[in-house]
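Read the structure below first, then the notes.
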Amino acid sequence: MSNFYYTPNPDVIHDEKEWDFTIKGQALHFISDNGVFSKRTVDYGSRVLIENVDLADLPDGPILDLGCGYGPIGLFLAKEYPDHQFELVDVNQRALALAERNAMVNGISNVTVATSDVYAGVSEQQFAAVVTNPPVRAGKDVVDTMITGAAAHLAPNGRLFVVLQKKQGAPSAKRLMQATFGNAEVIKRDKGYYVLASVQQS
């Protein structure tokens, strides 16, 4: 059975839930379901990422939410930064359908939703930023590819933002980001979660 949230078609019975969540004064309404990550609330790692990502002073270009799930990171950021275009991608078809519905329900029009296995299906080579709460359960190879692959898809001075728990590999991810980009910093530590950032050198 392929019932994991990081598979294309989770083999689980539908059980939709609806709930509201507020971050940084923005209240959004979400529809979620079985077969997606953190279906009952915005997970803590995503909250920490949303609260600490600064998308000011970025180069031109859209922003990629890599592994978007039902859309909380991309939709909260798209609501906060209406002048930016956001691309939300995931391999999970159920999650993508929910992300589209959640964008519509909340009246957020500056997003597109697309299928992509890591970077294989993204439409843009030059993103202003890539944000991700990577699927740790998919394995270290997938998480590492999400980090290293950003280098080929970021515009000069574009930024990669990653949230990971310390116990699930944040220190090694920081080392990988340092090796890939020549820089990496921890911009927030919160209850074992690290928000990591790297800048694409021009």
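The values are calculated or read from the model by the stated rules, or taken from the named source; none is laboratory data. Remember, it's a predicted structure, so these values are computed and weren't measured experimentally. For neighbour counting, all protein chains shown are included, and Cβ atoms are generated from backbone atoms with ideal geometry for every residue, glycine included. Heavy atoms of the whole protein, side chains included, go into the accessibility calculation; ligands, DNA and RNA do not. Shrake-Rupley method; radii C 1.70, N 1.55, O 1.52, S 1.80 Å.
Residues in the range 173-180: is at least one open to solvent by less than 20 Å² (accessible area, probe 1.4 Å), in contact with a Lys or Arg (Cβ under 8 Å, 6 or more places away or on another chain) and either on the phi < 0 side of the Ramachandran plot or in contact (Cβ under 8 Å) with a residue 24 or more places away in the chain (or both)? No: zero hits.
Screening the candidates 133, 183 for the property of being touching a Ser or Thr at 6+ places or on another chain (Cβ under 8 Å) and either basic (Lys, Arg) or within 20 Å of residue 81 (Cα to Cα) (or both) yields one hit, 133. Scan the range 151-172 residue by residue and report those that are open to solvent by 10 Å² or more (accessible area, probe 1.4 Å) and of a type outside the set (A, V, I, L, M, F, W, C). Answer for the range 151-172, where residues must be open to solvent by 10 Å² or more (accessible area, probe 1.4 Å) and of a type outside the set (A, V, I, L, M, F, W, C): 153, 156, 157, 159, 165, 166, 167, 168, 169, 171, 172. Can residue 188 be described as open to solvent by 50 Å² or more (accessible area, probe 1.4 Å) and assigned to a helix (DSSP H, G or I)? So residue 188 fails the test.
Kindly indicate whether residue 59 is farther than 22 Å from residue 149 by Cα, over 14 Å from the mean Cα position of the chain (by Cα) and assigned to a loop (DSSP other than H, G, I, E, B). Here the answer is no, as residue 59 does not meet what is asked.
One line per residue, one yes/no per condition, for (1) more than 24 Å from residue 164 (Cα to Cα); (2) crowded, with 21+ Cβ neighbours inside 10 Å; (3) at pLDDT below 85:
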site	(1), (2), (3)
12	yes, no, yes
43	no, no, no
60	yes, no, no
77	no, yes, no
81	no, no, no
85	yes, no, no
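Remark: pairs (first residue in the range 79-91, within 8 Å of residue 112 (Cα to Cα) and without any contact (Cβ under 8 Å) to a residue 60 or more places away in the chain; second residue part of a strand (DSSP E or B) and not small (Gly, Ala, Ser); Cβ separation under 6 Å; 6+ apart in sequence or on different chains) = 86/63; 86/111; 87/64; 87/112; 88/65; 88/111; 88/113.
Only one of the listed residues (137, 159, 175) is basic (Lys, Arg) and over 17 Å from residue 198 (Cβ atoms). That residue is 137.
Assess whether residue 118 counts as being surrounded by 15 or more Cβ atoms within 10 Å (Cβ to Cβ), within 19 Å of residue 195 (Cβ to Cβ) and β-branched (Val, Ile, Thr). So residue 118 does not fit the description; no.
Just one of the numbered conditions (1) modelled with pLDDT of 90 or more; (2) in contact with a Phe, Trp or Tyr (Cβ under 6 Å, 6 or more places away or on another chain) is not true of residue 37: (1). Pairing residues of the range 110-129 that are under 17 Å from residue 83 (Cα atoms) and at pLDDT 95 or above with residues that are among the small types (Gly, Ala, Ser) and open to solvent by 20 Å² or more (accessible area, probe 1.4 Å), at Cβ distances under 6 Å and at least 6 apart in sequence or on separate chains, gives 127/61; 128/61.
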